[in-house]
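Novice: To start, I am sharing the structure in question, which I have written as structure tokens.
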Amino acid sequence: MAIFEPTATPHHWRPAALAAGPFAGLQGGAVASLLTAEVEAMANARNWGTAISASVWFLRPTPMAELRTHVTVVTEGGRVSVVDNTLWPAGEAQPCATVRVTLSRERAVEVHGFQASTADPVDPMRFPLRSPHAVHGRSWFMDAMEARAGGDVAWFRMHHEVIADAGPLARVLGPADWTHGIARPVQNAVADPNPNLAVQLFRPPRGAWIGIRAEARWRPEAGLGIGCGVLLDVDGEIGRVAMSVVLVPLPRSASAAGPGSATG
């Protein structure tokens, strides 16, 4: 089952319950994945190459409602293309989120003396299972994936596609949106929604598992912070993630929620 299903109207999407966030509206990682997956789905036909980065802005909470998207090509041609995709609730004029995806056609380059880093494969199944619940007590985005924690890395494996045939970058964005919550300096003290999300990949993940070695920094006197981390698959590093954080009062019963965006 896909988390977003297309309707009979082109570029219109119906979210499943698994798209929900821990509080109100949809999870930011689900929204970012939808917008990016739609661009990746167009890439082969347009000869854009592989999606290597996504910069997402969450402009306001996205409701559990029919959604519409609009793709705009910023530039294409040569080796690099840049494509925007924006999302609205169907029938509304104010957007909820937008993404800018950078794509590049791969081309081998010989670099003398360069040695790629190697690491022993990791088996995330040997680490403890984590199953956080949402404040509202219903299904939410975390239920769409398996989460395990081992050492300094949190591991995620999606059990549902965001859309049918979602691309590699879209599959990474859902887990990546939890980064700032994994490494919170203090737990259950404030909510820490991320108004943006940026992910860069230098290779697509091998297999279903996505790992995050996360860090977070807070400035409570300003109500601000950041989250960042190294992205991995079972064979090693695949990229980076970063987001800004806004500290706000903790909603009632929020201690039941796991890591992630309160407004995404």
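The values are calculated or read from the model by the stated rules, or taken from the named source; none is laboratory data. Being a predicted model, the structure only gives us computed values, none of them experimental. No Cβ is skipped: glycine too gets one built from the backbone with ideal geometry, and neighbour counts run over all protein chains shown.
Novice: Starting from segment 65-78, take each residue that is over 20 Å from Cys96 (Cβ atoms) and list its partners that are of a type in the set (Gly, Ala, Ser), counting only C-beta distances under 7 angstrom and pairs at least six apart or across chains.
Specialist: From residues that are over 20 Å from Cys96 (Cβ atoms), the pairs are Thr75/Ser81.
Novice: Inside segment 1-27, can you point out the residues that are among the small types (Gly, Ala, Ser), more than 16 Å from Arg68 (Cα to Cα) and not in a strand (DSSP E or B)?
Specialist: Correct list: Ala2, Ala17, Gly21, Ala24.
Novice: Can you tell me which residue within segment 36-54, out of those that are within 13 Å of Pro168 (Cα to Cα) and among the aliphatic types (A, V, I, L, M), is surrounded by the fewest Cβ atoms within 10 Å (Cβ to Cβ)?
Specialist: So, considering only residues that are within 13 Å of Pro168 (Cα to Cα) and among the aliphatic types (A, V, I, L, M), the one surrounded by the fewest Cβ atoms within 10 Å (Cβ to Cβ) is Ala41.
Novice: Right, here's the next one. Starting from residues that are hydrophobic (A, V, I, L, M, F, W, C) and in a loop (DSSP other than H, G, I, E, B), keep the ones in segment 82-100 and report whichever is nearest to Val56 (Cα to Cα).
Specialist: Here the answer is Cys96.
Novice: Also, quick follow-up: I'm checking my understanding of the structure. Among residues of segment 134-147 that are at pLDDT below 80 and of a type outside the set (A, V, I, L, M, F, W, C), which one is surrounded by the fewest Cβ atoms within 10 Å (Cβ to Cβ)?
Specialist: In this case the residue turns out to be Gly137.
Novice: For residues that are outside any helix (DSSP H, G or I) and under 14 Å from Val74 (Cβ atoms), tally how many sit in segment 39-50.
Specialist: Qualifying residue count, segment 39-50: 1.
Here's the yes/no breakdown for (1) within 17 Å of Ala19 (Cα to Cα); (2) surrounded by 10 or more Cβ atoms within 10 Å (Cβ to Cβ):
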site	(1), (2)
Val74	no, yes
Pro89	yes, yes
Arg105	no, yes
Asp120	no, no
Pro132	yes, yes
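Novice: Restricting attention to segment 218-234, and to residues there that are in contact (Cβ under 8 Å) with a residue 12 or more places away in the chain, of a type in the set (A, V, I, L, M) and surrounded by fewer than 18 Cβ atoms within 10 Å (Cβ to Cβ), which single residue is farthest from Ala147 (Cα to Cα)?
Specialist: Selected residue: Leu224.
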